[in-house]
Amino acid sequence: MPESPERTAFYRLFDADGVLLYVGIAKDVHKRWRMHEWEKTWWHLVSGNRVEWFPSRPEARAAELAAMENESPLYNGVWHPDGSYTQGKYDDTTERGHAAEELRRDLDNGTLQPGEMIRITHLGRRYGVSAMSVAMALDALPPGTVCKRGNYRYIAAPKSPSLAQ
């Protein structure tokens, strides 16, 4: 018995000025957006979205490819005829610097307690940057400041050294 077509969403993500940042497809857009929140350095720029549902994944994929070609979203990657891939880049240097300053402050003033699990998505929202920018800022802190426990899992070190600069 042939499989039934899989209903799939095609989504567009916009910034506050209505600029198209990214297009994608997913069966579960909220699950996919949670993944983007963890992975994409530009995620904090998203302030709006538009979702269209298609009866099948191939139909949604066709809409996605057409939008990538005709609407030029800023941060989608592009497959080239030679098989190579170019990812849309976002420079989060400023956001990483801001996250590092906020982390230093929170560790020094006790907002982040020794031994406390550091939740990068929560801090990203609080600092106004992406979770990935927070993770990169954590990775750049002096040794002994935080303990890394696997991918994107951090704990404030039991006795963090002073981070004042």
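The values are calculated or read from the model by the stated rules, or taken from the named source; none is laboratory data. Just so we're clear, the structure is a prediction, and the values are computed from it rather than from any experiment. Please note: Cβ atoms are built from the backbone with ideal geometry, for glycine as well, and neighbour counts cover all protein chains shown. Each accessible area value is taken on the protein alone, full model and side chains, heavy atoms only, with ligands, DNA and RNA left out. Shrake-Rupley method; radii C 1.70, N 1.55, O 1.52, S 1.80 Å.
Place +1 on the Cβ of every Lys and Arg and -1 on the Cβ of every Asp and Glu in the range 1-81, take the dipole about the Cα centre, and give the residue among GLY48, LEU20, ALA67 whose Cα lies farthest towards its positive end. Comparing the listed Cα positions along the dipole, GLY48 ranks first.
Take the range 96-155, drop everything but the C-alpha atoms, weight them equally and run the Debye formula without solvent; then report log10 I(q)/I(0) at 0.13, 0.26 Å⁻¹ to two decimals. Once normalised to I(0) and log-transformed, intensities are -0.26, -1.18.
Solvent-accessible surface of the chain, averaged per residue with a 1.4 angstrom probe and all protein chains in place: 59 square angstrom. Summing Cβ point charges (Lys, Arg +1; Asp, Glu -1) relative to the Cα centre of the chain gives a dipole of roughly 660 debye. Just to confirm a number: summing +1 for Lys and Arg and -1 for Asp and Glu over residues other than TYR11 whose beta-carbon lies under 15 angstrom from that of TYR11, what do you get? Summing Lys/Arg as +1 and Asp/Glu as -1 gives +3. Under 5 Å from the amide H of LEU21 lie the amide H atoms of LEU13, PHE14, ASP15, LEU74, each residue being 5 or more positions distant or on a separate chain, with H modelled from the backbone and absent for Pro and chain starts. Expressed as a whole percent, the accessible area of the chain that falls on carbon and sulfur atoms is 52 (1.4 Å probe). With a ≥ b ≥ c taken as the square roots of the eigenvalues of the C-alpha gyration tensor of the chain, please select rounded if a/c is under 1.5 and otherwise prolate if a/b is larger than b/c or oblate if it is not? Taking the square roots of the gyration eigenvalues as a ≥ b ≥ c, the chain is prolate. Around the amide H of THR8, modelled in the peptide plane, lie the amide H atoms of PHE54, SER56, all under 5 Å away and 5 or more residues distant in sequence or on another chain. Solvent-accessible area of MET136, all protein chains in place: 70 Å² (probe radius 1.4 Å, heavy atoms, ligands and nucleic acids excluded). Measuring r between the beta carbons of SER72 and GLU116 and using R0 = 45 Å, the FRET efficiency lands at 0.60.
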